[in-house]
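The values are calculated or read from the model by the stated rules, or taken from the named source; none is laboratory data. Given the structure is predicted, the values throughout are model-derived calculations rather than measurements. Backbone-built Cβ (ideal geometry, glycine too); neighbour counts: all protein chains shown. The accessibility values were calculated without ligands, DNA or RNA, using every heavy atom of the protein model including side chains. Shrake-Rupley method; radii C 1.70, N 1.55, O 1.52, S 1.80 Å.
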Amino acid sequence: MSQNQTPNYTFALTVVIIVCFLIGFVTTMNNSMIEFCKNAFDLNETQGQLVNSAFYGAYAMSIPFAFMMNKIGYKATLVLGLAVVGLGFIINFACINGNLNSDTSTIYWMFLGCMFIVALGIVMLQLVANPYVMVLGSPEKGAFRMTLSQALNSVATTVAPIFILNVILNGKDAKNAVPADIPYPYLGLGLFTLLLCIILYFLKLPNINEEKQAAESGDTQKQYKSSVFKYPHVWLGALGIFMYMGVEIGIPSMLPAYFKADPSLGNATDFLWMYWGGMMIGRFVGAAVLNKFEPRKILSACLILGAVCVAVSFALSGMAAVYAMLAAGLFHSVMWPLIFNLGLQELGPHTKAASGIINLGVVGAATLPLLMGRVVDNPALGVGVAIAMMFIYYLYIFWFCNWGSKIGLSK
């Protein structure tokens, strides 16, 4: 192959897109289970947010998994991640189905433990997906490819709450949820994931070498620092993802508490798909817009507009306030890929390790919603104060976008 000939990565990108769909589906399904679990296991708001803590807490393993990926490669990490996700779902089925006569507290802790196992696999898949999308093509189109992959990921996030309503709840009101609703849908997910794992094991995927790709693109004069830990924008990007998780997960996690404060609104589960649907639309639009505008400007505009939606919800009441909050999903849509892309700038051979560091920021979804849940359970504060905490998250991401992401890039 000549140096000027661009490799065809279409098939590899298709595989990664399937993985992105699975990541989005499982992640959103987990978050959408909060209202289900609160009713099925008789939990308060803080206890319900442990669903997020158990799942996103697995991202604390991002850095060790990134170094593992650096040793065994992209494909092996991809296959191992799928195997762990599939086994986690099947273990969940076995534990819950075999202990339906136990007290609900015991079943709930089993459920959380199994979802932690599933999340370990999702972390591996996340590590593969993001840098894979970044390197499968020209560097200048990296943000576009990542936003496009996240747009397809959002199709899954929109489907997941519908899956909860129509498969797990099977048409029942969420208030009538019971632990026995969980096992068989999770068994089906586990078997599907293991089947995908087996298929990918026998498929031939390209071995991506960032150093070789940089040389072939003519970037042979680029001098990289000796360690990824010497790039401050990577760590600031991890904190950006940490704060972003409070933004993305904050609204769907707090919406059930908002509905509980005003019972006349109905069930939050019936409206969650609108938030994720807005993110899906926003990502498809964002993939097109990124071809025409500078990513920093788009991220800045989306941060401002997302914060405006949340602010407007405080000025309204009833369903009008709910719709204002749900509309923020449209602007949250492109934040993840743009923050991630800014954190991965100019890293060359350090890209894999940096991906692990930035992914570590996802533990924000394990801690910030839990903190917000504690605020909701405090009678002196309540759900309004918890939602207002999101303005702090918006502010930091805006700073990172315009200033923090540039620290450490110059020689």
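So what is the accessible area of region 231-273 per residue, in Å², with the probe set to 1.4 Å? Write down the numbers at each step before the final one.
Numbers: 1300 Å² over 43 residues.
In whole numbers, region 231-273 has 30 Å² accessible per residue.
Using a ≥ b ≥ c from the Cα gyration tensor of the chain (square roots of the eigenvalues), is it rounded, prolate or oblate, where a/c under 1.5 gives rounded and otherwise the larger of a/b and b/c decides, a/b for prolate? Before the final figure, lay out each step's value.
Numbers: a/c = 1.95, a/b = 1.34, b/c = 1.45.
Oblate shape, in that a/c is at least 1.5 and b/c is the bigger or equal ratio.
Quick one: Debye curve from the alpha-carbon atoms of region 340-411 only, equal weights, vacuum; give me log10 I(q)/I(0) at q = 0.20, 0.25, 0.26, 0.27 Å⁻¹ to two decimals.
-0.91, -1.13, -1.17, -1.20
Relative to the longest principal axis of the chain, what angle (0 to 90°, nearest 10) does the C-alpha long axis of helix 390-402 take?
It works out to around 10 degrees.
Taking region 29-112, which chymotrypsin sites (Phe, Trp or Tyr not before Pro) meet the DSSP loop condition and have no more than 16 other C-beta atoms within 10 Å? Spell out each step's value before the answer.
Working: sites: Phe36, Phe41, Phe55, Tyr56, Tyr59, Phe65, Phe67, Tyr74, Phe89, Phe93, Tyr108, Trp109, Phe111; in loops: Phe41.
Here no chymotrypsin sites (Phe, Trp or Tyr not before Pro) fit, given the DSSP loop and packing criteria.
Could you please state how large a percent of the accessible area of region 60-102 is carbon and sulfur, counting protein chains only and using a 1.4 Å probe? Before the final figure, lay out the partial values.
Details: 1220 of 1830 Å².
Carbon and sulfur atoms account for 67 percent of the accessible area of region 60-102.
On a 0 to 90° scale, report how tilted helix 74-97 is relative to the longest principal axis of the chain, with both axes built from alpha carbons and the result rounded to the nearest 10.
10 degrees
At a 1.4 Å probe radius, carbon and sulfur cover how many percent of the accessible area of region 280-411? The partial results should precede the final answer.
Numbers: 3750 of 5170 Å².
Roughly 72 percent of what the probe reaches on region 280-411 is carbon or sulfur.
Can you give me the % of accessible surface on region 155-203 that is carbon or sulfur? Probe 1.4 Å, all protein chains present, nothing else counted.
Values: 1720 of 2400 Å².
Of the solvent-accessible surface of region 155-203, carbon and sulfur hold 72 percent.
List the pairs from Lys260/Lys297; Lys204/Lys292; Lys38/Lys352; Lys204/Lys297; Lys75/Lys225; Lys75/Lys292 whose alpha-carbon separation is above 30 Å, in the order I gave them. Don't skip to the end; give the middle numbers.
Details: Lys260/Lys297 37 Å; Lys204/Lys292 35 Å; Lys38/Lys352 38 Å; Lys204/Lys297 39 Å; Lys75/Lys225 27 Å; Lys75/Lys292 33 Å.
In this structure, Lys260/Lys297; Lys204/Lys292; Lys38/Lys352; Lys204/Lys297; Lys75/Lys292 lie more than 30 Å apart at Cα.
What FRET efficiency comes out for the pair Lys406/Asn101, r = Cβ-Cβ distance, R0 = 51 Å, nearest 0.05? Don't skip to the end; give the middle numbers.
On the way: r = 59 Å, r/R0 = 1.15.
Efficiency at R0 = 51 Å is approximately 0.30.
Could you give the length gained on full extension between Met389 and Ala320, defined as 0.36 nm per residue of separation minus the Cα-Cα distance, in nm? Before the final figure, lay out the partial values.
On the way: separation 69, 0.36 × 69 = 24.84 nm, distance 2.05 nm.
Once the chain is fully extended between Met389 and Ala320, it gains 22.8 nm.
Please compute the contact order of the chain in relative form: average sequence separation of alpha-carbon pairs under 8 Å and at least six residues apart, divided by the residue count, as a percent. Can you show the working numbers first?
On the way: 660 pairs, mean separation 112.0, N = 411.
That works out to 27 percent.
With a Förster radius of 41 Å, plug the Cβ-Cβ distance of Val178 and Lys297 into 1/(1 + (r/R0)^6) and report the FRET value to the nearest 0.05. Write down the numbers at each step before the final one.
On the way: r = 49 Å, r/R0 = 1.20.
Efficiency computed from Cβ-Cβ geometry: 0.25.
Using the heavy atoms of the protein chains alone and a 1.4 angstrom probe, what is the accessible area of region 323-411 per residue in square angstrom? Provide the component values of the computation, followed by the final result.
Working: 3030 Å² over 89 residues.
Value returned for region 323-411: 34 Å² of accessible area per residue.
Mind jotting down the three principal axis lengths of region 293-398 based on Cα atoms? Whole angstrom, largest first.
50, 32, 18
Taking the 0 to 90 degree range and rounding to the nearest ten, how far is the long axis of helix 318-332 tilted relative to the main principal axis of the chain, both from C-alpha atoms?
Orientation of helix 318-332: about 20 degrees from the principal axis.
Would you mind checking the radius of gyration and Dmax of region 1-126 based on alpha-carbon positions, in Å?
When restricted to the Cα atoms of region 1-126, Rg and Dmax are 17.8, 66 Å.
Assign unit charges at the C-beta atoms only (+1 for Lys and Arg, -1 for Asp and Glu), then state the dipole size of the chain relative to its Cα centre in Debye, rounded to the nearest 20. Don't jump to the answer; show the numbers that get you there.
Numbers: 21 positive and 17 negative charges, 218 e Å.
Computed charge dipole of the chain: roughly 1040 debye.
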